[in-house]
1. Which FRET efficiency value, to the nearest 0.05, is calculated for Arg212 and Lys107 with the Förster distance at 45 angstrom and r the Cβ-Cβ distance?
2. Quick one: length gained pulling Phe224 to Arg135 fully straight, 0.36 nm per residue minus the C-alpha distance?
3. Where in the stretch 207-242 is the amide nitrogen less than 13 Å from a point lying 7 Å along the Cα-to-Cβ axis of Glu190?
4. Evaluate the relative contact order of the stretch 181-240 (contact order divided by residue number), counting alpha-carbon pairs under 8 angstrom at least 6 apart; express in whole percent.
5. With a point put 7 Å past each Cα toward its Cβ, work out how far Leu20 is from Arg147 in nm, to one decimal.
6. Sum up the lysine pairs in the stretch 150-242 that clear both bars: alpha-carbon distance under 19 Å and a spacing of 8 or more or different chains.
7. Find, among the GluC sites (Glu not before Pro) in the stretch 178-237, those assigned to loop by DSSP (not H, G, I, E, B) with at most 15 other beta-carbon atoms within 10 angstrom.
Amino acid sequence: MWKDWFFYTRAQRRVIVLMLVLFVLLIFLLTGEKMNKDRIEIMAEPLLIADSLYTKVETERIERERKYKSKTYRKEWTTFEKDKKQGISPAKVVDDKIRKDSFKFPKQEKYSTGIIIDVNTADTSILKKIPGIGRVISRNIVNYRNRLGGFYDVSQLLEVKYVDSTLLAWFQVKSDVFRKINVNRADIDELRSHPYMDFYKAKAIVDFRRKRGRISGMSQISMFKEFTKEDIARLSHYFSFE
């Protein structure tokens, strides 16, 4: 046998080896393709099961909703027919329902004309008793009052969102501003957080303190170009120089 092998020429032996290699590769390819096909079928099986379960659950949910709606409709129709036989109109039934709901959610008590409220001490429950003030406006007033540190004049309420001049008659300032800013100790963030201040005004104060020391009063601040006469008049109620 070996002699027959060597009988072939070198070119013929190369062709035979190449054919054997190609044959082996073909066997590997066919075997691999079959394995991949089996793997895909195995992977697809759980997906089919999950899809089947989802379809079953969704069908049951739709059926439950249909039965519930059908049951509710029959109940409402039976009630309507019963009321109709007893001579009770649907309008009366609705009116009775509204009346019952009004006991669950009692109407907000409102003050009568002549009541005067201290704008610096009233909480949201008191503010909501004023005609024209509800949950939103009462909350806006309290939030703005806390940012200011208190009102020094009733007209400041016009700076609050949704408050108009018709509401001012219910208020007066009985108590003074309850929080002031110490100009010589406050940092730039505390200064700028006040509604009547901004970054440039706060920076002017901090820069002056760093270069020249303490600020003695509003007369010094009035010389800063960042402050107008209106600013000085308003901030004089909120600045302290201790």
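1. Values: r = 60 Å, r/R0 = 1.34.
About 0.15, to the nearest 0.05.
2. Contour length minus Cα-Cα distance gives 28.0 nm.
3. Residues 239-242 qualify, since their backbone N sits under 13 Å from the label point.
4. Numbers: 47 pairs, mean separation 22.7, N = 60.
After rounding, I find 38 percent.
5. Each label point is offset 7 Å from its Cα along the Cβ direction, giving 9.1 nm.
6. 9
7. On the way: sites: Glu190, Glu226, Glu230; in loops: Glu226.
For GluC sites (Glu not before Pro) across the stretch 178-237 that sit outside H, G, I, E and B with at most 15 neighbouring Cβ atoms in 10 Å, the list reads Glu226.
Read the figures in this text as sums done on the coordinates, not as results from a lab. Not measured: the values here are computed from a predicted model. A quick note on method: Cβ atoms are made from the backbone with ideal geometry, for glycine too, and the neighbour counts reach across all protein chains shown.
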